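*Asks:* Next up is a structure, given as structure tokens.
The values are calculated or read from the model by the stated rules, or taken from the named source; none is laboratory data. None of these values were measured; they are calculated from a predicted model. Here the Cβ positions follow ideal geometry from the backbone for every residue, glycine too, while neighbour counts run over all protein chains shown.
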Amino acid sequence: MSQKDVIVTNLVGELKRGTLVLSVLLNTKESTYGYSLVQALQSLGIDIEQNTLYPLLRRLEKQALLSSSWDTTESRPRKYYQISPLGLEVLNDLTAHWQETNKIINTMLEEV
């Protein structure tokens, strides 16, 4: 792999990490468990590993952006996550910032 490829790969990774919180909050409007969230995000083209998602879910729960509950009715208990009222407020603010940043970047790209 060339030096340029390494640099681009690292920068793309940084971009993806920067959008994961927004992606998770957008996809927890309905109650969902971790593995199904991984699948949903991957089906949308967001490549995320379980060992990345679960610490993120715990952090967002600790920040009160997500709430969780256990479903023990199945043979294998599952922890379900859903965006909290505070999480919705944060999501709205993040979305506004994302849209403004996207608008600025698109303007700069048009000038290139």
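*Asks:* Given the criterion in contact with a strand residue (DSSP E or B) (Cβ under 8 Å, 6 or more places away or on another chain), closer than 22 Å to Glu14 by Cα and assigned to a helix (DSSP H, G or I), identify the matching residue among Leu94, Leu41, Leu60.
*Replies:* Leu60
*Asks:* Residues being of a type in the set (Ser, Thr, Tyr) and surrounded by fewer than 12 Cβ atoms within 10 Å (Cβ to Cβ): count how many of those fall in segment 79-102.
*Replies:* Going through segment 79-102 one residue at a time, the tally reaches 1.
*Asks:* Please work out if Val90 is hydrophobic (A, V, I, L, M, F, W, C), closer than 22 Å to Thr101 by Cβ and touching a residue at least 40 places away in the same chain (Cβ under 8 Å).
*Replies:* Considered against the rule, which asks whether it is hydrophobic (A, V, I, L, M, F, W, C), closer than 22 Å to Thr101 by Cβ and touching a residue at least 40 places away in the same chain (Cβ under 8 Å), Val90 comes out as yes.
*Asks:* Scanning for something of a type outside the set (Phe, Trp, Tyr) and at pLDDT below 95, does segment 57-71 turn up at least one residue?
*Replies:* yes
*Asks:* Just to be sure I understand the filter: pairs with C-beta atoms under 8 Å, separated by 6 or more residues or on different chains, first member in segment 50-72 and under 15 Å from Ser31 (Cα atoms), second member among the hydrophobic types (A, V, I, L, M, F, W, C) and loosely packed, with under 12 Cβ neighbours inside 10 Å. Which pairs pass?
*Replies:* Matching pairs, first to second residue: none at all.
*Asks:* Does any residue of segment 19-30 turn out to be touching a strand residue (DSSP E or B) at 6+ places or on another chain (Cβ under 8 Å) and surrounded by fewer than 16 Cβ atoms within 10 Å (Cβ to Cβ)?
*Replies:* yes
*Asks:* Do you know which residues across segment 61-89 are aliphatic (A, V, I, L, M), in contact with a helix residue (DSSP H, G or I) (Cβ under 7 Å, 6 or more places away or on another chain) and at negative phi?
*Replies:* Leu65, Leu66, Ile83
*Asks:* So which residues in segment 63-78 are surrounded by 14 or more Cβ atoms within 10 Å (Cβ to Cβ), outside any loop (DSSP other than H, G, I, E, B) and in contact with a Ser or Thr (Cβ under 8 Å, 6 or more places away or on another chain), if there are any at all?
*Replies:* Matches in segment 63-78: Leu66, Ser67.
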